[in-house]
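Just so you know, all these numbers are worked out from the coordinates, no wet-lab data involved. If you're wondering where the values come from, they're calculated on a predicted model, not measured in any experiment. Ideal geometry is used to build each Cβ from the backbone, glycine not excepted, and the neighbour counts take in all protein chains shown.
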Amino acid sequence: MSFPTRLLGPGEEIYLDSRPNWSYLFWPSVFTVLVVAGCVAAVVVWTSAPVVVGWILLGVGVAALVYLGARYLGWRTTTFVVTSQRIVYRTGVLRRTGREIPIGRVQDVTYHQTVVERIVRAGSLTVESAGRQGQDPFPDISRPDQVQSLINRVVAQSAGGYPVAQGPAEVVSEAARPATTPSAYSPPPITDPTPPVPAPRVVEPMPRTQATPTVAQQLGELAGLHQHGVITDAEYEQKRRELLDRL
């Protein structure tokens, strides 16, 4: 029988929903098998036994089976639940018993295991809380060491996280470190003794102007070209007339 979700509070989450360890049914099962086997063996061997003995053996066998069935119902109806807000333990078939411990009131969790319980991975868990009862034992818990670790994590989570251990010397962050007072003497700033060298100025050369030759100079050059045979007579006459027309 799992824990009903309708009983959860707002925002409550289930971290563990378990039944007693399987060892809860181991020894009752062994006892029942031995009793039933003994009754059957007695009937087979003692064939001449009175009828009353047979009825008695039958009653013993049925009683052993009823005991095993009741034990199974007890295992089936026992739940151990760990939620984000509480620890819940419920047991009983006809008459139910329930205990709840708020996570915020848990002060200590201890588990105990015998040699046999360590082999079958079972044990008893004791939760110490602030209240009248003080300590609440929970028997037949599967993997009690892991359940203890789970409860401790839930308790730390409800308290806002795991506590941080402080070392011998506390480290102060830069934001919390107080500003230091400057001393009376402060050295002058270091400057470069070499004065900066100005960048050289680039002086663009002035455009060179060329004087336009006169008409007389052009006629002289034209006559020289004609005399050396560079231009023909027709070209000479044509160029000379053009220069004369400019006058």
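Computed quantities for the displayed model
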item	result
Residues whose placed amide H lies under 5 Å from that of Y111, excluding near-sequence neighbours	T126
Amide H contacts under 5 Å for A122, placed H, 5+ residues apart	R143
Loop-located chymotrypsin sites (Phe, Trp or Tyr not before Pro) in region 1-66 whose Cβ has at most 14 other Cβ within 10 Å (DSSP)	W22, W46
Förster radius 35 Å - calculated FRET efficiency between W22 and A42, Cβ distance, rounded to 0.05	0.70
Residues with amide H under 5 Å from that of I231, placed H, sequence gap 5 or more	H226
Debye-sum result for region 9-158 in log10 I(q)/I(0), which assumes one identical scatterer on each alpha carbon, at q = 0.15, 0.17 Å⁻¹	-0.82, -0.96
